[in-house]
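The values are calculated or read from the model by the stated rules, or taken from the named source; none is laboratory data. All figures in this text were calculated on a predicted structure; none of them were measured in a lab. Reconstructed Cβ throughout: ideal geometry from the backbone, glycine too, with neighbour counts over all protein chains shown.
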Amino acid sequence: MSIIFDEESEIVQEHFAVIYTPRRQRTRFPENCVQTFQSQQEALNAANAQKKFFPAKVMGPSRSSEGFKLYYLLHWLDSTS
């Protein structure tokens, strides 16, 4: 996956997050499935694998060609995939 990143942009940034996803095979997620946090520990605390909320580091939000805001997975914060 290739993400074009403008370091001077104040919009698209790296974030710690919890992502709601039934399967952890995707690499991009709509904004309504992503909750961002200020720290890694906050994201880890908010995660709940039984309810399909997984901690991750993401890049976003970025606007898709369809007009949706998306977050791109950089990596999962826990070891289970």
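No other residue among S39, S62 is hydroxyl-bearing (S, T, Y) and surrounded by 13 or more Cβ atoms within 10 Å (Cβ to Cβ) apart from S62. Report whether or not K57 is closer than 13 Å to A17 by Cα, of a type in the set (K, R) and in contact with a strand residue (DSSP E or B) (Cβ under 8 Å, 6 or more places away or on another chain). The answer is yes for K57. The residues of segment 59-81 that are farther than 14 Å from N32 by Cα, at pLDDT 90 or above and not aromatic (F, W, Y), listed by number, are M59, L73, L74, H75, L77.
Residues that are hydrophobic (A, V, I, L, M, F, W, C), assigned to a strand (DSSP E or B) and within 14 Å of W76 (Cβ to Cβ) within segment 7-48 comprise F16, A17, V18, I19, F29, V34, listed in sequence order. Quick check on my filter: what residues within segment 49-81 are without any contact (Cβ under 8 Å) to a residue 24 or more places away in the chain and assigned to a strand (DSSP E or B)? Correct list: R63, H75.
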